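Only one structure is covered here, and it is reproduced in the block below.
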């Protein structure tokens, strides 16, 4: 039982607390960002070291170590993006008349450096862990990366809840590359594929012949993937998700002035057809 409940509770806590901590740091004054980023670099470096040193071990503690290390590395990317250090060469809002491939290319350029950094990190993790049997960190990072790409595609194509409250003021231009629509054709495909993968993992996790290491590892993957699928549903279901991290979002009012009311020009920029809109 502990091989199941323990990893689930640990994953839930890490997901909730690390997200809230990064949001809290992001809402502090910009003068604190270099210090926060330096701390994130130290944490990420420790994560890489932990991934390498645990690669040959297949005990339960090493599964926890590799999972936590991958989350630490992922947190570096979240910080570097939200702090504005690693985003993309395009830092302007999307023009109101920009459509089709041109809009996609501009949106991609707005996060291009971030995506390249994620791909490079995946390659580094593969290089660090491929020689050993412990691939918990690699699969953890890949689940996070693939499901995040899916989320970005859905936001670009259009969903009701774009979550602009999570974007800092300096990155609000990215919101102009997202669309606000009731649904897009990719969403059911993404959710279905994610759910099928989740069912397969649950089936594998139910195997009584699993070793404690494999049992814990699969519990990590299934919980993380389940959270990712739920987060996809948050894009279309009217649930006040921000309430989960209200403690971390409070610092925004003290750290940054409230955004001005949108003018007609901004409304047209964000919602040029009165049905499409924001964010990238």
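The values are calculated or read from the model by the stated rules, or taken from the named source; none is laboratory data. All values reported here derive from a predicted model rather than from experimental measurement. Cβ: placed from backbone, ideal geometry, glycine included. Neighbour counts: every protein chain shown.
The figures follow:
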item	result
Qualifying residue in region 82-104 (condition: within 30 Å of residue 202 (Cβ to Cβ) and either part of a loop (DSSP other than H, G, I, E, B) or out of contact with any strand residue (DSSP E or B) (no Cβ under 6 Å at 6 or more places or on another chain) (or both))	no
Every residue from region 61-113 that is surrounded by fewer than 18 Cβ atoms within 10 Å (Cβ to Cβ) and within 29 Å of residue 43 (Cβ to Cβ)	61, 84, 85, 89, 91, 108, 109, 112, 113
Residue list for region 105-132, filter: more than 27 Å from residue 234 (Cα to Cα) and in a helix (DSSP H, G or I)	120, 121, 123, 124, 125, 126, 127, 128, 129
Scan of region 237-246 for residues that are within 17 Å of the chain's Cα centre (by Cα) and within 24 Å of residue 198 (Cα to Cα), ordered by number	241, 244
Sole residue being within 22 Å of the chain's Cα centre (by Cα) and free of Cβ contacts under 8 Å to residues at least 40 places away in the same chain, chosen from 20, 39	39
Residue, farthest from residue 171 (Cα to Cα), within region 88-107, restricted to residues that are touching a helix residue (DSSP H, G or I) at 6+ places or on another chain (Cβ under 8 Å) and free of Cβ contacts under 8 Å to residues at least 40 places away in the same chain	98
Residue under evaluation residue 177, criteria (1) within 26 Å of residue 63 (Cα to Cα); (2) touching a helix residue (DSSP H, G or I) at 6+ places or on another chain (Cβ under 7 Å), criterion not met	(1)
Residue in region 133-142 that is assigned to a loop (DSSP other than H, G, I, E, B), under 22 Å from residue 44 (Cβ atoms) and at pLDDT 95 or above present	yes
Residues of region 2-56 classified as over 23 Å from residue 243 (Cβ atoms) and either assigned to a helix (DSSP H, G or I) or in contact with a helix residue (DSSP H, G or I) (Cβ under 8 Å, 6 or more places away or on another chain) (or both), total	33
Residues within region 183-212 that are touching a residue at least 12 places away in the same chain (Cβ under 8 Å), more than 24 Å from residue 152 (Cβ to Cβ) and assigned to a helix (DSSP H, G or I), tallied	4
Residues of region 143-172 satisfying the condition of being closer than 21 Å to residue 81 by Cα and either in contact with a strand residue (DSSP E or B) (Cβ under 6 Å, 6 or more places away or on another chain) or in a loop (DSSP other than H, G, I, E, B) (or both)	161, 162, 163, 167, 168
Residue identified as at pLDDT 95 or above, touching a helix residue (DSSP H, G or I) at 6+ places or on another chain (Cβ under 7 Å), buried (at least 18 other Cβ atoms within 10 Å of the Cβ) and more than 30 Å from residue 58 (Cα to Cα) among 190, 226, 197	190
